[in-house]
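The values are calculated or read from the model by the stated rules, or taken from the named source; none is laboratory data. In this text, all values refer to a predicted model and were calculated from it rather than measured experimentally. Cβ placement follows ideal geometry from the backbone for every residue including glycine, while neighbour counts extend to all protein chains displayed. Each accessible area value is taken on the protein alone, full model and side chains, heavy atoms only, with ligands, DNA and RNA left out. Shrake-Rupley method; radii C 1.70, N 1.55, O 1.52, S 1.80 Å.
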Amino acid sequence: MASLYSYIVKNDAGAAPNPFWGLCTLTICKPTIRRTAKIGDWVVGTGSKNTKLKDGKIHDFSDCIVYAMRITDIKTLPDYDLFCKEQYVEKIPRWFSKDWRQRIGDCIYDYSNGVNPILRRGVHKVSDRNRDLKGLNSLISDHFYYFGEEARVIPRNLKGIIKKSQGHLKIKDVNLISDFERWIRKFKSMAW
(Lines give C-alpha, C1' and ligand atoms only; values in the text may rest on other atoms or scores of the structure.)
Protein backbone atom coordinates (compact mmCIF):
# COMPACT_ATOMS: atom_id res chain seq x y z
CA MET A 1 0.00 0.00 0.00
CA ALA A 2 1.34 3.41 -0.98
CA SER A 3 1.98 6.17 1.52
CA LEU A 4 1.94 9.93 1.07
CA TYR A 5 4.69 12.06 2.59
CA SER A 6 3.94 15.75 3.03
CA TYR A 7 6.19 18.61 4.11
CA ILE A 8 6.48 22.37 3.82
CA VAL A 9 8.68 23.65 1.00
CA LYS A 10 10.15 26.60 2.87
CA ASN A 11 12.32 27.81 0.00
CA ASP A 12 11.49 26.67 -3.53
CA ALA A 13 14.67 27.58 -5.37
CA GLY A 14 14.62 24.57 -7.72
CA ALA A 15 17.12 22.27 -5.99
CA ALA A 16 14.83 20.34 -3.62
CA PRO A 17 12.74 19.33 -5.40
CA ASN A 18 14.57 19.57 -8.71
CA PRO A 19 11.78 19.37 -11.33
CA PHE A 20 13.87 19.88 -14.44
CA TRP A 21 15.01 17.87 -17.47
CA GLY A 22 11.96 15.59 -17.49
CA LEU A 23 12.49 14.15 -14.00
CA CYS A 24 11.56 15.42 -10.58
CA THR A 25 14.21 14.44 -8.05
CA LEU A 26 14.56 14.85 -4.31
CA THR A 27 18.22 14.25 -3.53
CA ILE A 28 19.09 16.82 -0.86
CA CYS A 29 17.22 17.83 2.30
CA LYS A 30 14.39 15.71 3.80
CA PRO A 31 16.67 12.79 4.78
CA THR A 32 14.00 10.77 6.59
CA ILE A 33 11.66 10.83 3.60
CA ARG A 34 14.51 9.91 1.23
CA ARG A 35 15.59 7.04 3.48
CA THR A 36 12.13 5.51 4.09
CA ALA A 37 9.92 6.24 1.04
CA LYS A 38 9.22 3.44 -1.43
CA ILE A 39 8.48 3.27 -5.14
CA GLY A 40 4.79 4.11 -5.61
CA ASP A 41 4.66 6.49 -2.63
CA TRP A 42 3.76 10.15 -3.10
CA VAL A 43 5.89 13.07 -1.90
CA VAL A 44 3.97 16.33 -1.64
CA GLY A 45 5.45 19.75 -0.95
CA THR A 46 3.08 22.37 0.36
CA GLY A 47 3.73 26.08 0.56
CA SER A 48 4.90 28.24 3.39
CA LYS A 49 3.00 30.97 5.19
CA ASN A 50 5.80 33.38 4.25
CA THR A 51 6.59 32.70 0.60
CA LYS A 52 8.53 35.43 -1.15
CA LEU A 53 7.74 35.58 -4.87
CA LYS A 54 9.40 37.32 -7.79
CA ASP A 55 7.24 40.38 -7.15
CA GLY A 56 9.20 40.81 -3.89
CA LYS A 57 6.08 40.45 -1.76
CA ILE A 58 5.37 37.83 0.88
CA HIS A 59 2.43 35.52 0.12
CA ASP A 60 0.64 32.90 2.21
CA PHE A 61 0.87 29.57 0.36
CA SER A 62 0.25 27.45 3.48
CA ASP A 63 -2.93 25.91 2.00
CA CYS A 64 -1.38 25.32 -1.41
CA ILE A 65 0.49 22.53 -3.15
CA VAL A 66 3.85 23.44 -4.69
CA TYR A 67 4.60 20.01 -6.15
CA ALA A 68 3.71 16.34 -6.00
CA MET A 69 5.73 13.41 -7.25
CA ARG A 70 4.87 9.73 -7.37
CA ILE A 71 8.15 7.92 -6.81
CA THR A 72 8.98 5.82 -9.87
CA ASP A 73 12.63 5.05 -9.03
CA ILE A 74 14.98 5.21 -6.08
CA LYS A 75 18.76 5.29 -6.35
CA THR A 76 21.41 5.35 -3.66
CA LEU A 77 23.40 8.59 -3.69
CA PRO A 78 26.44 6.90 -5.33
CA ASP A 79 24.15 5.34 -7.96
CA TYR A 80 22.45 8.69 -8.54
CA ASP A 81 25.84 10.30 -9.14
CA LEU A 82 26.66 7.63 -11.76
CA PHE A 83 23.15 7.94 -13.27
CA CYS A 84 23.62 11.69 -13.68
CA LYS A 85 27.11 11.32 -15.15
CA GLU A 86 25.81 8.83 -17.72
CA GLN A 87 22.28 10.07 -18.48
CA TYR A 88 21.36 13.35 -16.76
CA VAL A 89 24.44 15.57 -16.74
CA GLU A 90 22.07 18.55 -16.50
CA LYS A 91 21.36 17.56 -12.88
CA ILE A 92 25.06 18.00 -11.98
CA PRO A 93 25.44 21.64 -10.93
CA ARG A 94 27.42 23.93 -13.19
CA TRP A 95 27.79 26.89 -10.89
CA PHE A 96 28.83 29.38 -13.57
CA SER A 97 26.25 28.38 -16.19
CA LYS A 98 24.01 31.11 -17.60
CA ASP A 99 21.09 28.65 -17.29
CA TRP A 100 19.96 28.91 -13.65
CA ARG A 101 18.50 25.37 -13.80
CA GLN A 102 22.02 24.02 -14.30
CA ARG A 103 23.39 26.05 -11.39
CA ILE A 104 20.91 24.44 -8.99
CA GLY A 105 21.41 20.83 -10.00
CA ASP A 106 20.85 18.43 -7.10
CA CYS A 107 23.59 15.90 -7.96
CA ILE A 108 25.97 17.73 -5.63
CA TYR A 109 27.98 14.77 -4.33
CA ASP A 110 30.71 13.26 -6.52
CA TYR A 111 31.44 9.62 -5.60
CA SER A 112 34.34 9.15 -8.04
CA ASN A 113 36.71 8.56 -5.11
CA GLY A 114 34.56 5.89 -3.46
CA VAL A 115 32.53 6.14 -0.27
CA ASN A 116 33.71 9.61 0.78
CA PRO A 117 31.97 11.90 -1.67
CA ILE A 118 33.30 15.27 -2.72
CA LEU A 119 30.85 18.15 -2.47
CA ARG A 120 30.46 19.84 -5.84
CA ARG A 121 29.97 23.59 -5.88
CA GLY A 122 26.22 24.04 -5.68
CA VAL A 123 23.37 25.13 -3.48
CA HIS A 124 24.55 23.32 -0.35
CA LYS A 125 27.59 23.86 1.83
CA VAL A 126 29.76 21.54 3.93
CA SER A 127 27.45 22.29 6.89
CA ASP A 128 24.59 20.56 4.98
CA ARG A 129 26.62 17.42 4.26
CA ASN A 130 25.58 15.23 7.22
CA ARG A 131 21.89 15.94 6.73
CA ASP A 132 22.10 15.30 2.98
CA LEU A 133 24.05 12.06 3.30
CA LYS A 134 21.77 10.69 6.06
CA GLY A 135 19.05 10.48 3.42
CA LEU A 136 21.00 7.73 1.62
CA ASN A 137 18.82 7.92 -1.51
CA SER A 138 17.62 10.05 -4.35
CA LEU A 139 13.88 9.84 -5.01
CA ILE A 140 13.10 10.04 -8.71
CA SER A 141 9.84 10.57 -10.57
CA ASP A 142 8.76 10.78 -14.16
CA HIS A 143 5.16 11.20 -12.91
CA PHE A 144 5.04 14.55 -11.19
CA TYR A 145 3.22 17.86 -10.94
CA TYR A 146 5.15 21.05 -10.33
CA PHE A 147 3.38 24.36 -9.76
CA GLY A 148 6.04 26.52 -8.08
CA GLU A 149 4.89 30.13 -7.86
CA GLU A 150 1.58 29.08 -9.38
CA ALA A 151 0.83 26.83 -6.41
CA ARG A 152 -2.71 25.44 -6.35
CA VAL A 153 -5.06 25.76 -3.38
CA ILE A 154 -5.69 22.39 -1.78
CA PRO A 155 -9.41 21.62 -1.48
CA ARG A 156 -11.02 21.41 1.95
CA ASN A 157 -11.44 17.61 1.83
CA LEU A 158 -7.66 17.24 1.35
CA LYS A 159 -6.47 19.64 4.08
CA GLY A 160 -5.39 16.55 6.07
CA ILE A 161 -2.34 16.20 3.82
CA ILE A 162 -0.93 19.57 4.93
CA LYS A 163 1.95 19.45 7.42
CA LYS A 164 1.70 22.54 9.62
CA SER A 165 5.22 22.59 11.10
CA GLN A 166 8.76 21.35 10.56
CA GLY A 167 9.40 17.75 9.67
CA HIS A 168 7.06 15.68 7.58
CA LEU A 169 3.72 13.93 7.77
CA LYS A 170 3.35 10.30 6.65
CA ILE A 171 -0.17 9.44 5.55
CA LYS A 172 -1.36 5.87 5.11
CA ASP A 173 -5.12 6.59 4.92
CA VAL A 174 -6.13 4.83 1.70
CA ASN A 175 -9.22 7.00 1.21
CA LEU A 176 -7.33 10.27 1.67
CA ILE A 177 -4.58 9.16 -0.73
CA SER A 178 -7.20 8.03 -3.27
CA ASP A 179 -9.01 11.39 -3.01
CA PHE A 180 -5.67 13.18 -3.45
CA GLU A 181 -4.86 11.12 -6.57
CA ARG A 182 -8.26 11.89 -8.10
CA TRP A 183 -7.74 15.62 -7.46
CA ILE A 184 -4.14 15.86 -8.67
CA ARG A 185 -5.01 14.09 -11.95
CA LYS A 186 -7.10 17.14 -12.87
CA PHE A 187 -3.83 18.95 -13.54
CA LYS A 188 -1.36 18.33 -16.32
CA SER A 189 1.42 16.02 -15.26
CA MET A 190 4.88 17.31 -16.16
CA ALA A 191 5.94 13.90 -17.48
CA TRP A 192 4.84 10.28 -17.46
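A few points about this structure:
- Given their separation in residues at 0.36 nm each and the Cα-Cα distance between them, Lys85 and Glu181 gain 31.2 nm when the chain is fully extended.
- For Tyr5, the residues whose amide H sits under 5 Å from its own are Trp42, Val43, Val44, Ile171, ignoring neighbours fewer than 5 places away on the same chain, with H placed 1.01 Å from N.
- Within a straight-line Cα-Cα reach of under 19 Å, Lys98 can be paired with the following lysines, leaving aside sequence neighbours fewer than 8 residues apart in one chain: Lys54.
- Gyration tensor (alpha-carbon) shape descriptor, the stretch 136-183, a/c threshold 1.5: rounded
- Residue with peak Gaussian network fluctuation, the chain [Cα springs, cutoff 10 Å], from Thr76, Thr36, Thr27: Thr36
- The shape of the stretch 1-116 comes out oblate: with a ≥ b ≥ c from the C-alpha gyration tensor, a/c is at least 1.5 while a/b does not beat b/c.
- Alpha-carbon centroid distance for the pair the stretch 6-60 / the stretch 67-116, whole angstrom: 16 Å
- Which of Phe144, Cys64, Asn175, positive extreme of dipole for the stretch 35-192 (C-beta unit charges): Cys64
- Summed side-chain charge close to Arg34 - residues other than Arg34 whose Cβ falls under 10 Å, Lys, Arg +1, Asp, Glu -1: +2
- All aspartates and glutamates inside 19 Å of Lys125 as judged from Cα atoms, apart from same-chain residues fewer than 8 positions distant: Asp12, Asp81, Asp106, Asp110
- The chain: angle of helix 174-184 to the longest principal axis, Cα-based, in degrees nearest 10: 80 degrees
- Percent carbon-and-sulfur accessible area, the chain, ignoring ligands, DNA and RNA, probe 1.4 Å: 51 percent
- Cysteines not pairable in the chain (beta carbon separation under 4.7 Å absent): Cys24, Cys29, Cys64
- Of the residues Leu26, Leu133, the one with the largest accessible area comes first in the ranking Leu133, Leu26, computed with a 1.4 Å probe on protein heavy atoms.
- Dipole moment magnitude, nearest 20 debye, the stretch 1-153 about Cα centre, only Lys, Arg, Asp, Glu C-beta charged: 460 debye
- For the stretch 1-49, the gyration tensor built on C-alpha atoms gives an oblate shape. Its axis ratio a/c (a ≥ b ≥ c) is at least 1.5, and a/b is not larger than b/c.
- Cross-link partners of Lys49 among lysines (Cα-Cα below 18 Å; sequence separation of 8 or more within a chain): Lys10, Lys57, Lys159, Lys163, Lys164
- Nearest-ten-degree value, helix 77-86 long axis tilted from longest Cα axis of the chain: 70 degrees
- q = 0.11, 0.19, 0.20, 0.21 Å⁻¹, the stretch 34-192: log10 I(q)/I(0) [Debye, one scatterer per Cα]: -0.53, -1.38, -1.44, -1.47
- Think of a 1.4 Å ball rolled over the protein heavy atoms: the stretch 12-104 then has 46 Å² of accessible area per residue.
- Between Tyr109 and Arg120, the built amide H atoms are under 5 Å apart, and every one of these is 5 or more places off in sequence or on another chain.
- About its Cα centre, the dipole of the stretch 48-133 is roughly 380 debye, where the only charges are +1 on Lys and Arg Cβ and -1 on Asp and Glu Cβ.
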